[in-house]
Amino acid sequence: MVSLQLDGRTVVVSGAGQGQGAAEAGMLVEAGARVIATDLAGDMPSALAAASSTSTGALVYRQLDVSDSAGWSRLAGWIQSQGWRVDGLVNNAGITRRSRLLDASVADLRRVYDVNVAGSLLGIQSLTPLMGSGASIVNVGSVAGLTAHYPVAYTASKWALRGLSQVAAMELGPRGIRVNTVHPGFIETPMTAGARPEFRHATLAETPLGRTGSVEEVAGVVLFLLSPLSSYVTGAEIPVDGGQSGHGGAKSVSDAMR
Ligand code: NAD
């Protein structure tokens, strides 16, 4: 029986303290999963408190900096000590730097890569030994990784993450482990709360659905990719962007011709 229910499955979510990660953790718990929510803070962030009190699944919180390989090893060791295996991993943690091409520093580039690319690689390397056939990994990319989005370090990191995802899908497929990527567009989170009005306005002009997205709209696609309903989907990339990336820049032309 295929279903969106994740009863009996253990899923690790990185960067789950707020924004999309918190929504993903909450929805996965509602779907019956045991969620290991991780983030930088030592104690469980308040955005996760509501999810932890639901009676359907279960939520535990662990501190983890995704760019710290020793931290991932500790997490894997702790999961093993509980006698659990891992059925899902959501590499959601991500940071941005908004500097442009001629101002971006190598330090910016390295830090964004450390979190967005190396963090996801370390997650895959650390947790796949605890996964069996049927496990699913979801990497959180961005429309930046499908386009020439102007913050160059962030954009380059999300393009790199696409490469990592495709190699992982190929290498882990024979073990029955699926790897897919979601590419959010403009989603209302603390990350985008500080975006300049010009950025919001220009992005909406490029978005056929004409609105920003909610964290739940990303979490629903992540849940689908972790569930048996997507059991033959691997190496796929799903934009969750209101159509922003699909028109390849043709929307302004179409709008001009109305
Ligand atoms: P957010 O900034 O609101 O939340 C990100 C979370 O990641 C925070 O809780 C933060 O503490 C955590 N984090 C940061 N660095 C970390 C590290 N080194 N180790 C562990 N956790 C760390 O961001 P969000 O908008 O919820 O974004 C989530 C993901 O979605 C990111 O990968 C981001 O690049 C991607 N994304 C977001 C949007 C958007 O419009 N919000 C669009 C495209 C892609």
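Residue ranges 204-210, 164-170, 91-97 sort as 91-97, 164-170, 204-210 when ordered by packing (mean number of other C-beta atoms within 10 Å per residue, highest first). Basic side chains Lys and Arg get +1 at the Cβ, acidic Asp and Glu get -1 at the Cβ, and with that the dipole of the chain about its Cα centre reaches some 320 debye. Using a Förster distance of 30 Å, how high is the FRET efficiency between Ser46 and Gln82, based on the Cβ-Cβ distance and rounded to 0.05? That pair, Ser46 with Gln82, gives E of 0.75.
Comparing Ser133, Ser231, Ser214 in a Gaussian network model of the chain, where Cα atoms under 10 Å apart are tied by springs, the biggest mean-square fluctuation is seen for Ser133.
Here the simple spin-label model places points 7 Å from the Cα toward Cβ, and for Ser133 and Leu204 these points are separated by 5.0 nm. Dividing the summed -39500 (n - 2.57) terms of all DSSP H runs of n ≥ 4 by the residue count of the chain sets its mean residue ellipticity at 222 nm at -11000 deg cm²/dmol. Backbone geometry of the stretch 182-195 corresponds, through the Karplus equation with coefficients 6.51, -1.76 and 1.60 at θ = phi - 60°, to 3J(HN,Hα) couplings of 10, 10, x, x, 7, 10, 6, 9, x, 5, 9, 4, x, 5 Hz, x marking Gly and Pro. Take every Cα-Cα pair in the stretch 105-166 and report what % of them are more than 17 Å apart. Value for the stretch 105-166: 42 percent of Cα pairs lie more than 17 Å apart.
No value in this document is a laboratory result; all are computed from the given coordinates. Remember, it's a predicted structure, so these values are computed and weren't measured experimentally. A quick note on method: Cβ atoms are made from the backbone with ideal geometry, for glycine too, and the neighbour counts reach across all protein chains shown.
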